[in-house]
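The values are calculated or read from the model by the stated rules, or taken from the named source; none is laboratory data. Only a predicted model underlies this, so the values are computations on that prediction, with no experimental measurement involved. Don't worry about glycine lacking a Cβ; one is built from the backbone with ideal geometry, like all the others, and counts go over all protein chains shown. When the accessible area is computed, the model is the full protein with side chains, heavy atoms only, and any ligands, DNA or RNA have been set aside. Shrake-Rupley method; radii C 1.70, N 1.55, O 1.52, S 1.80 Å.
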Amino acid sequence: SKMAPSPDWFSGFHDFSAVNEDKNVWYEKFSIETYPYDGGTEGGDTYSTQNTPTIPKEPIREIRDGGSVYANDDDDILPVAKYTCTLNSYSASIMDIETDPST
């Protein structure tokens, strides 16, 4: 998800399976907190849209320092979003459901 107004900051997740691989069952519900990432296309450490382009473009990186994403006096970067997914229905002939113990 884009973190407007910044043109190249975003948050999201990848490589997460909604299936418990050990038991081969769907999770009934799960939540994932996500952190800010910098797309590497503009300089700067704020949400500003007035930053100069990064030439050459830099690799995408998790924001671990700087600017307007500090959430407290300890300079900790805290999550910027929380995705919560709930299974509404499924075919019992394919898989069973398991409640994720972390939610």
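Filtered by the rule that a residue be within 14 Å of the chain's Cα centre (by Cα), of a type in the set (A, V, I, L, M, F, W, C), at pLDDT 85 or above and assigned to a strand (DSSP E or B), the range 1-29 gives a lone residue, 10.
Residue count for the range 1-33 under the criterion of being among the hydrophobic types (A, V, I, L, M, F, W, C) and closer than 30 Å to residue 51 by Cα: the result is 5.
Residues that are open to solvent by less than 70 Å² (accessible area, probe 1.4 Å), farther than 20 Å from residue 11 by Cβ and either touching a strand residue (DSSP E or B) at 6+ places or on another chain (Cβ under 7 Å) or at pLDDT below 75 (or both) are absent from the range 50-72.
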